[in-house]
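Read through the structure below, which is laid out as structure tokens, and then see the notes.
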Amino acid sequence: MTQNNQENKITINKSTLDFKDFSKSKFKISLNRVAFIFLIIFSIILLYSTRVIYLSSKLFLTNNQKTNLINRADITDRNGNVISQSVFATNVGIDPKLVKDKKKLLIKLQYTFPESDISEIKRKILGKKFFYVKKKVTPDQIQKIRLLGEKSIILEPKIIRIYPDKNLFSHVVGQIDDDNNGISGIEKSFDKKLKNGKQKLILTLDKHLQYIIRDELINAQNIFKNIGGTGILMDINNGEILSLVSIPDYNLNHREDISDKNFINRATTGVYELGSVFKSFTIAAALNYKLVSPMDEFLNLKKKMRCGGRIISEYDEDLPNDLNVEDILVYSSNIGSVKIGEIIGKEKMKEFLGSIGILDKMKFDIEEVGTPLPFKWRDCKLKTVSYGHGITTTPIQLAKGYAILANGGYQVNPTLIKKKFVKSKRQKILNDDVSINLNHMLRKVVTNGTAGLSDVEGYEVGGKTGTAQIVENGLYTKKKINTFASVFPISNPRYVLVVLLEDTKLSKDYVYQYRNKTGSFQGTPFNTAGWTSVEIAGKIIDKIGPILATKY
């Protein structure tokens, strides 16, 4: 009995031990399972967290890149009107490799973009290269495209540069490429500053003045059928350009490769022989070097003279034989100008023209600037230069030269960038009496000479005309460059306006209205600056005068 109880006891203890061992084993297995499940859950959480962080960082980078792209600063005119601005846009493209049903896709595209050339799209779908169906689509069109459910249609977000005024500032502002880099005009010259985006770039231009001058230059093309033209309005004291227009122009919103040379910026890139507008420089040089005075007379002037195998003659053979210095400018005497040039001499003439910035390439705010053609200063060249032939320059340099002649003889640098006014001592390069005497003569050119059609009442316009033959393939042609360089108001000079018309034709239908006397007549009598450029300049001054008088 005792022995059996003892065996039973031993058996019970053994069972208890086995149960405890089993429980421990079971607990270990459960613990391992929990740890395994926890590890799986943790791994999943870690995986999704990493993915979220990655996507968030990618989204941040994308948004940051977009911000950097759109951060290109605005360009405005002097009054705050936006000329150039960056905005978000969407382009629609197709990847032919993803197209499943070409016929069905074409039907959808024709419905969505009825103005598109479906035959051209069909041709491109048969290829393998990605292509654009439409650029700069509207939000409404984007929604329609998404509803099409076509994986082959790619919506590509883009940052684009828009130009609200289209053609108005084309030659000045320029364009950017698809990578946000400036490729011409102000966009190129100030690319780094604009990319910084911290502050808008303010130009000296006035949108309203720009519009008026462009409009009149387009009207000139309709009247005189000229192939192109330019107008420059500049403050003669600080060099601020209030308007710079070149015709023909182009829409900046259409990124096209303008390879036709007729679309050049005539104001800054065009290099021309400008004719008699140079006579003002000749007389100013003689006055500056104290070689002549306004009333000095040149007697027994011939109507013709020989120079290097060619004949220099007066345009108007009815001019008196005796002319003083003032008469030579007012009546635009070629022979009289040659005589004054001979008194000045080659060295002094070269020195003077260099000092007012006529001979060399001008530093300017845009890169599109022409270089005057070099030449050798021989005796015959001195004669032709004296009346504006055989020498070239750009219209912007002509404007600069006239500004110096009229503003008291102070150096001035044309600029398109509005700067904070800093009072500083101006560099005087001409003697005091040069501007006084020359401005008086320029006024007489308008009241008594070849520029009567620009005599707008109340604005005291002074100026000088220039008619020159266009050179093609090294030979002079019968085509004309007609230029008028004007200054107003002459009693207190503020502005210079240069109007150049290239290859003008006579108009038999245009009606001229005399400004300084009553009456009118129909038809252009002569293809000269006095009947073309002067007329357009007069119409411009008539319209911009009130704006300048009230705003500046």
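Each reported figure results from applying straightforward, stated rules to the coordinates on display, with no laboratory input. Being a predicted model, the structure only gives us computed values, none of them experimental. Here the Cβ is made from the backbone with ideal geometry for all residues, glycine too, and neighbour counts use every protein chain on show.
For the reader, a short list of remarks on this structure follows.
- The label point for residue 471 and the one for residue 40, both projected 7 Å from the Cα toward the Cβ, are 9.0 nm apart.
- With contacts taken as Cα pairs under 8 Å at a separation of at least 6 residues, the range 504-552 carries a relative contact order of 28 percent.
- Looking at the chain alone, DSSP beta bridges between its own residues are antiparallel in about 95 percent of cases.
- Global geometry of the range 193-291, whether rounded, prolate or oblate, following the gyration tensor of its Cα atoms and the 1.5 cut on a/c: oblate
- Over 22 Å between alpha carbons, listed pairs 444/478; 128/151; 198/551; 361/444; 104/158; 346/480: 444/478; 198/551; 361/444; 104/158; 346/480
- Dipole check for the chain: with +1 at the C-beta of Lys and Arg, -1 at the C-beta of Asp and Glu, and the Cα centre as origin, the magnitude is about 3220 Debye.
- For residue 205, the residues 5 or more places off, or on other chains, whose built amide H falls under 5 Å of its own are 78.
- Proxy reagent accessibility, fewest Cβ within 10 Å first, across 381, 428, 144: 428, 144, 381
- Charge dipole of the range 63-216 about the Cα centre (unit charges at C-beta), most positive-ward option of 81, 112, 162: 112
- With contacts taken as Cα pairs under 8 Å at a separation of at least 6 residues, the chain carries a relative contact order of 13 percent.
- Between residue 521 and residue 81, full extension at 0.36 nm per residue minus the direct alpha carbon distance yields a gain of 154.3 nm.
- Separation between Cα centres of the range 501-523 and the range 436-500, rounded to whole Å: 16
- Average Cα contact separation per residue, the range 75-166, under 8 Å, 6 or more apart, as relative contact order %: 51
- Likely footprinting exposure, 531, 377, fewest C-beta neighbours within 10 Å first: 377, 531
- Rh (Kirkwood; distinct C-alpha pairs) - the range 401-552, Å: 16.9
- Built amide H within the under 5 Å cut-off of residue 392, gap 5+: 373
- Simple label model, 7 Å out from Cα along Cβ direction - residue 361 to residue 131, nm: 4.1
- GluC sites (Glu not before Pro) restricted to DSSP loop in the range 303-342 with at most 14 other C-beta within 10 Å: 317
- Under the membrane-span-like helix rule (DSSP H runs whose alpha carbons stretch at least 18 Å along the helix axis, mean Kyte-Doolittle hydropathy -1.0 or higher), the chain yields 2-70, 207-224, 432-447, 533-551.
- A dipole drawn for the range 208-551 from +1 and -1 charges on Cβ atoms has a positive end, and of 384, 510, 244 the residue lying farthest that way is 384.
- The GluC sites (Glu not before Pro) of the range 456-500 that meet both conditions, a loop assignment by DSSP and at most 15 other Cβ atoms within 10 Å of the site Cβ, are 457.
- Pairwise FRET efficiency - residue 373 versus residue 91, Cβ, R0 = 41 Å, nearest 0.05: 0.35
- Translational diffusion coefficient (Stokes-Einstein; Kirkwood radius from C-alpha pairs) of the chain at 25 °C, 0.890 mPa s, in µm²/s: 86
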